[in-house]
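Here the structure comes first, spelled out in structure tokens, and everything after it is commentary.
None of the figures in this text is laboratory data; all of them are computed from the coordinates on show. As the structure is a prediction and not an experimental result, all values here were calculated from the model. Glycine gets a Cβ as well: all are built from the backbone with ideal geometry, and neighbour counts include every protein chain shown.
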Amino acid sequence: MASLNKQEQEIAKDKDSGMAKMVMQKVKEFESFIQDWHKEAKEAYDMVAGKQWSNEDSAALESEDRVPVVFNRIAAFIRGICGMEVANRQSVKFLPREISDVGGNEVMNAASMWVRDICNAEDEESEAFRDMIITGIGSTETRLSYEDDPEGMVYIERRDPLMVGWDTTSCKKNVQDSSWRYLYADYSRAKFEEKWPDKSDEVFMSMFPDGNEN
């Protein structure tokens, strides 16, 4: 780590091993826990996309000059169910408890509709619903971003269910009782330093104590 001297590197190594090490451990635990579902989910996406022959069977047919024909009836059912969801979309409404709350609730309803319209929340949630129909898990993230607007902008976005994780001890619906959740994303060293300049050295030292980031 060129930006740290030897003493600073040792301090970084001993500092709790860093939050990054703990996160990596949790991610590995979850990946071990969910690996069978990951395999099934990838196969389910392939089925819907029309890739219903294994590579071995497809190669065997092609070697005999035969075409691996697919009658994709799964995709039709998925489209039908997703169409029903779009036609019957739910909306969030804030209801007043007392007459004096009516004005505030109207503002909250208008703000909610504006936020959802700006970030195309309905489409994002429909995509997550499709994921749920195919794999059993659909995921969205609601976040506050200051990148596009210095005053902050709320985003509701669909996330790939294969790139999310949660506390493996959770047992309630929608992992409501989970103590942690994560979204996996790839970052280059330069991009990470741009977003979290104060944490870059600590995180990369914890993740790559030998200095090898490849």
Cross-link pairs 39/173; 28/172; 26/195; 26/191; 39/172; 173/199 - those with Cα-Cα distance over 32 Å: 173/199
Trypsin sites (Lys or Arg not before Pro) restricted to the range 58-140 and DSSP loop, no more than 15 other C-beta within 10 Å: 66, 73, 89, 93, 97
Tensor-based shape of the range 104-205 (alpha-carbon gyration tensor, a/c under 1.5 rounded, otherwise prolate or oblate): oblate
Phi to ³J(HN,Hα) by Karplus 6.51 cos²θ - 1.76 cosθ + 1.60 over the range 159-164, Hz, x for Gly, Pro: 10, 4, x, 7, 10, 10
Contour minus Cα-Cα distance for residue 79 and residue 187 (0.36 nm per residue): 35.5 nm
Exposed-site-free run, longest, the chain (rule: chymotrypsin sites (Phe, Trp or Tyr not before Pro); DSSP loop; at most 16 other C-beta within 10 Å): 1-52
Residue-span extension gain [residue 122 to residue 21] - 0.36 nm each, minus C-alpha spacing: 32.7 nm
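Can you give the FRET efficiency to the nearest 0.05 for residue 86 and residue 107, using r as the Cβ-Cβ distance and R₀ = 22 Å?
Approximately 0.20, to the nearest 0.05.
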Calculated FRET value between residue 39 and residue 153, using beta carbons and R₀ = 41 Å, to 0.05: 0.65
Loop-resident sites, the range 82-115, for GluC sites (Glu not before Pro), counting at most 14 other Cβ within 10 Å (DSSP): 98
